Amino acid sequence: MFSLVKIDEKTRVFPLRAAISFPTPVVVKIKSFAMQGCELEDNGFRRIWRRYTHPITQVVCISIALIAAVSGPFGTIDTMSFFNRLVYWTAIAFGTTAAAYLVREVTAG
């Protein structure tokens with residue numbers, strides 16, 4: 001089998017294998033009960049890290065943590081001190097953001 005390739009107004013004949021030999025991306029398969037069949041490309045974790053460390057993401061997470069620490073939702077104002085609420089809501093804000101970015105990357109088609 002041969003493939004015709006037009007280069008500089010000339011038509012050249014190449015073997016089909018040579019014409020379509022592109023490197024395949026490295027794919028890491030995540031094997032767990034909840035995520036069977038999901039694939040995450042090798043650079044997927046880098047994309048997640050870039051989004052997670054983006055300044056806008058950091059400002060939004062810190063703002064959410066500060067607002068939640070000051071307002072004390074779900075009874076945390078009665079059961080925790082301000083410092084404990086700040087630590088708690090910072091962990092919640094950053095943890096859920098990381099989980100959301102991971103789920104978004106895994107499920108993106």
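Side notes on the structure shown:
- Residue pairs meeting the criteria (Cβ under 7 Å; at least 6 apart or on separate chains; first over 9 Å from residue 89 (Cβ atoms), in region 56-71; second hydrophobic (A, V, I, L, M, F, W, C)): 61/93; 61/94
- Residue list for region 56-109, filter: among the small types (Gly, Ala, Ser) and over 29 Å from the mean Cα position of the chain (by Cα): 71, 72, 75, 81
- Residue list for region 54-81, filter: surrounded by 12 or more Cβ atoms within 10 Å (Cβ to Cβ) and either among the aromatic types (Phe, Trp, Tyr) or within 21 Å of residue 43 (Cα to Cα) (or both): 57
- Of all residues in region 62-109, those that are more than 23 Å from residue 49 (Cβ to Cβ) and part of a loop (DSSP other than H, G, I, E, B) total 3.
Since every read-out is calculated from the coordinates, none of them should be taken as a lab result. As the structure is a computational prediction, the values presented were derived from the model and not from experiment. Cβ atoms come from the backbone with ideal geometry, glycine included; neighbour counts cover every protein chain shown.
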